[in-house]
Amino acid sequence: MAIIDFFDRGWRINPRGIAYIQDERTFSFQEVGELSCRIANALVDNGYSKGTNGAVWADNDVGAWTCALGLWRAGMAYIPVNGRNVPEENQYVLDAFDCEVVFFQNAFAGIINELRPRLPKVRRWVCIDADLPWAPALAEWSDGQPATPPRVAIDMDDVVALSATGGTTGMPKGVMNTHRSLQTYFAQFMMAHPYQGARPVNLAAAPMTHTAGMLSLPCTAQGGTVVVVTKPDPASVFGAIVKHRVTELFLPPTVIYRLLDIPGVDKLDLSSLKYFLYGAAPMSVEKLKRAIEVFGPVMSGGYGQTEAPASIAYLPPAEHFADGKIASDARLSSVGRPNPLIRVEIMNERNEILAQGETGEICVRGDLVMKGYYKAPQKTAETIVDGWLHTGDVGHIDAEGYLHITDRKKDMIISGGFNVYPSEIEQVIWAHPAVQDCAVIGVPDEQWGEAVKAVVELNAGQSVDAAELVALCKQKLGSVKAPKTVDFVDALPRSPVGKVLKKDLRERYWQGVERRI
């Protein structure tokens with residue numbers, strides 16, 4: 001299936017049904033489908049041919065998502081632009097990815113107008129919700145176009161999404177995903193989260209320019225409803241779940257931690273939930289157990305990358321339990337078993353497959369894997385070797401077939417000749433009741449080369465001293481892995497999608513010192 005076919009399947013089976021809800025307004029499949037057709041026909045009329053790159057710069061918004069559908073319907077590649085990024089990063093992405101048309105919300109018009117002189121490749125600006133002197137309103141620009149799909153030839157290996165990597169290790173790279181890779185993603189998601197004929201209700205609370213947007217399409221394909229949250233505060237999230245009887249949602253761990261701290265959260269009626277997905281960053285096992293107690297047997301873990309979107313492995317709700325009880329910490333700390341439509345192996349630095357249980361780099365092969373990095377053939381060749389995507393994540397597959405991520409290769413600490421994996425230490429610190437979140441990094445040390453440092457964010461109104469956390473780690477992990485120092489901060493640096501930016505943390509301690517990893 002082409003990516004637009006997933007929307008069209010829902011449109012066909014439930015044309016008068018509600019496709020999206022935003023604030024107090026509902027949007028039918030017919031309404032959104034016809035607008036996406038008019039957008040696509042306007043793009044074709046304006047000379048944007050198949051394979052051209054177009055962007056949507058917006059917060060969560062049904063009109064913005066309809067523009068993405070229109071780009072796909074015209075055979076173009078969609079560049080999601082996160083409104084929470086700094087303007088300079090978005091400017092870099094639009095220019096480096098050869099964007100020719102940008103749909104945007106009026107809220108960003110001032111920033112965009114300042115950037116326009118530096119973006120000569122963009123030939124057309126269209127404002128989603130206002131008419132501007134230099135950018136026509138979407139309704140006016142698409143008015144009069146046919147409300148039927150244009151005829152565009154589709155090849156399953158066409159690039160349909162050009163997504164920026166997280167930028168945690170430098171300037172973003174452009175990941176080229178195709179109809180084929182995204183079809184595999186959606187198929188695996190739907191197999192892991194069945195509805196058996198019922199129609200899902202998806203809550204898009206995380207940025208739709210990231211995981212939440214793509215995760216809405218399996219729901220749409222089943223004729224279900226996507227509830228779009230424009231202000232992802234806890235009250236809005238919980239209010240939407242209760243009001244609209246939401247059955248599935250995705251949130252990163254850091255947001256889930258904050259939801260668990262809300263007084264009375266365990267008294268809310270969240271019985272409609274079937275799948276509460278978490279991922280995009282490691283999750284504390286102790287906080288995951290708490291989430292299971294509060295939200296019920298609905299937690300669903302996942303692992304993926306932009307390069308192999310969101311579905312390398314899943315830990316479905318039932319596998320959070322064993323023999324009628326919450327599963328062991330060892331299982332809960334995994335990201336689940338590899339999915340059936342791909343092959344996952346652990347490799348050493350010579351690209352040899354390691355035996356089960358051995359630790360090495362997680363590598364993936366199959367239709368889920370990206371086509372490559374945009375205009376970066378050398379980087380693509382370094383990342384995809386003999387058909388295997390080298391994820392840059394270190395891990396192992398245990399005796400039961402569960403995949404464990406030890407850490408990012410670049411986050412590994414070498415202290416006194418020993419390899420120390422931060423995630424193992426973070427799990428111990430996360431378990432302390434006073435800790436909201438933490439990040440473990442290596443810092444320069446004359447004796448050891450690198451010393452283990454924990455940077456900790458505490459829960460509001462709670463306290464713990466550094467010596468107590470160090471002692472806890474020594475007790476659980478031994479002295480080699482225990483932090484030598486602990487720093488406390490009000491807030492850890494995070495990307496717009498909630499990932500802790502360890503690169504930014506390390507820079508504070510490594511200024512003027514070369515890190516040899």
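The values are calculated or read from the model by the stated rules, or taken from the named source; none is laboratory data. Worth saying up front: this structure is predicted, and the values here are computed from it rather than measured. No Cβ is skipped: glycine too gets one built from the backbone with ideal geometry, and neighbour counts run over all protein chains shown.
Which of (1) in contact with a Ser or Thr (Cβ under 6 Å, 6 or more places away or on another chain); (2) of a type in the set (Phe, Trp, Tyr); (3) exposed (fewer than 15 other Cβ atoms within 10 Å of the Cβ) is the odd one out, the single condition residue 418 does not satisfy?
So residue 418 meets the others, but not (1).
Suppose we keep only residues that are assigned to a loop (DSSP other than H, G, I, E, B), of a type in the set (D, E, K, R) and over 30 Å from residue 211 (Cα atoms) within the stretch 471-498. Which one would you say is modelled with the highest pLDDT?
Only one residue tops the list, namely 484.
Against the definition (in a loop (DSSP other than H, G, I, E, B) and either more than 29 Å from the chain's Cα centre (by Cα) or not assigned by TED's automatic domain parsing to the domain that holds residue 505 (or both)), how does residue 146 come out, yes or no?
yes
Can you find a residue that is in the same structural domain as residue 29 (by TED's automatic domain parsing) and free of Cβ contacts under 8 Å to residues at least 24 places away in the same chain anywhere in the stretch 104-115?
Within the stretch 104-115, one or more residues are in the same structural domain as residue 29 (by TED's automatic domain parsing) and free of Cβ contacts under 8 Å to residues at least 24 places away in the same chain.
With respect to residue 349, determine if the residue is out of contact with any helix residue (DSSP H, G or I) (no Cβ under 7 Å at 6 or more places or on another chain), within 23 Å of residue 410 (Cα to Cα), at pLDDT 95 or above and not aliphatic (A, V, I, L, M).
Judged against the criteria, residue 349 is not a match.
What strands (runs of 3 or more DSSP E) lie completely within the stretch 351-463 and have 2 or more residues being out of contact with any Pro (no Cβ under 8 Å at 6 or more places or on another chain) and farther than 22 Å from residue 503 by Cβ?
360-366, 388-397
How many residues, within the stretch 444-462, are farther than 22 Å from residue 509 by Cβ, free of Cβ contacts under 8 Å to residues at least 60 places away in the same chain and in contact with a strand residue (DSSP E or B) (Cβ under 9 Å, 6 or more places away or on another chain)?
Number satisfying all stated conditions: 1.
Pick from the stretch 239-257 the residues that are touching a residue at least 24 places away in the same chain (Cβ under 8 Å) and more than 16 Å from residue 299 (Cα to Cα): which of them is nearest to the chain's Cα centre (by Cα)? I'd like the intermediate steps shown before the answer.
Applying the first criterion (touching a residue at least 24 places away in the same chain (Cβ under 8 Å)) to the stretch 239-257 yields 240-242, 244-257.
Checking which are more than 16 Å from residue 299 (Cα to Cα) leaves us with 240, 242, 244-245.
Details: 240: 21, 242: 24, 244: 24, 245: 24 Å.
Filtering the stretch 239-257 for residues that are touching a residue at least 24 places away in the same chain (Cβ under 8 Å) and more than 16 Å from residue 299 (Cα to Cα), the one nearest to the chain's Cα centre (by Cα) comes out as 240.
Is it the case, given these coordinates, that residue 51 is out of contact with any Phe, Trp or Tyr (no Cβ under 8 Å at 6 or more places or on another chain), free of Cβ contacts under 8 Å to residues at least 12 places away in the same chain, farther than 23 Å from residue 109 by Cβ and not in a strand (DSSP E or B)? Step through it out loud before you land on a result.
Values: out of contact with any Phe, Trp or Tyr (no Cβ under 8 Å at 6 or more places or on another chain): yes; free of Cβ contacts under 8 Å to residues at least 12 places away in the same chain: no; farther than 23 Å from residue 109 by Cβ: yes; not in a strand (DSSP E or B): yes.
It is false that residue 51 is out of contact with any Phe, Trp or Tyr (no Cβ under 8 Å at 6 or more places or on another chain), free of Cβ contacts under 8 Å to residues at least 12 places away in the same chain, farther than 23 Å from residue 109 by Cβ and not in a strand (DSSP E or B).
Here is a yes/no grid of residues against (1) surrounded by fewer than 22 Cβ atoms within 10 Å (Cβ to Cβ); (2) modelled with pLDDT under 95:
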site: 269; (1), (2): yes, yes
site: 277; (1), (2): no, no
site: 310; (1), (2): no, yes
site: 320; (1), (2): yes, no
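I'd like the full set of residues that are surrounded by fewer than 14 Cβ atoms within 10 Å (Cβ to Cβ) and either in contact with a helix residue (DSSP H, G or I) (Cβ under 9 Å, 6 or more places away or on another chain) or within 23 Å of residue 38 (Cα to Cα) (or both), limited to the stretch 96-122.
Hits for the stretch 96-122 are 114, 118, 120, 121.
For the stretch 218-237, how many residues meet the condition of being surrounded by fewer than 20 Cβ atoms within 10 Å (Cβ to Cβ) and of a type in the set (Gly, Ala, Ser)?
Of the residues in the stretch 218-237, 3 are surrounded by fewer than 20 Cβ atoms within 10 Å (Cβ to Cβ) and of a type in the set (Gly, Ala, Ser).
What number of residues within the stretch 49-65 satisfy the criterion of being more than 18 Å from residue 209 (Cβ to Cβ) and modelled with pLDDT of 95 or more?
Residues in the stretch 49-65 being more than 18 Å from residue 209 (Cβ to Cβ) and modelled with pLDDT of 95 or more: 1 in total.
Say whether the condition of being out of contact with any strand residue (DSSP E or B) (no Cβ under 9 Å at 6 or more places or on another chain) and of a type in the set (S, T, N, Q) is met by at least one residue in the stretch 381-402. So that I can check it myself, show each step before the final result.
Applying the first criterion (out of contact with any strand residue (DSSP E or B) (no Cβ under 9 Å at 6 or more places or on another chain)) to the stretch 381-402 yields 399.
Okay, now just the ones that are also of a type in the set (S, T, N, Q), so none.
Checked against the condition, which is being out of contact with any strand residue (DSSP E or B) (no Cβ under 9 Å at 6 or more places or on another chain) and of a type in the set (S, T, N, Q), the stretch 381-402 yields no hits at all.
Does residue 343 satisfy the criteria of being without any contact (Cβ under 8 Å) to a residue 24 or more places away in the chain and within 29 Å of residue 77 (Cβ to Cβ)?
yes
State whether the residues of the stretch 172-182 include one that is crowded, with 17+ Cβ neighbours inside 10 Å and free of Cβ contacts under 8 Å to residues at least 40 places away in the same chain.
Among the residues of the stretch 172-182, not one is crowded, with 17+ Cβ neighbours inside 10 Å and free of Cβ contacts under 8 Å to residues at least 40 places away in the same chain, which makes the answer no.
Would you point out the residue of the stretch 12-30, among those that are within 24 Å of residue 231 (Cα to Cα) and without any contact (Cβ under 8 Å) to a residue 40 or more places away in the chain, that is surrounded by the fewest Cβ atoms within 10 Å (Cβ to Cβ)?
Per the criteria, the residue is 24.
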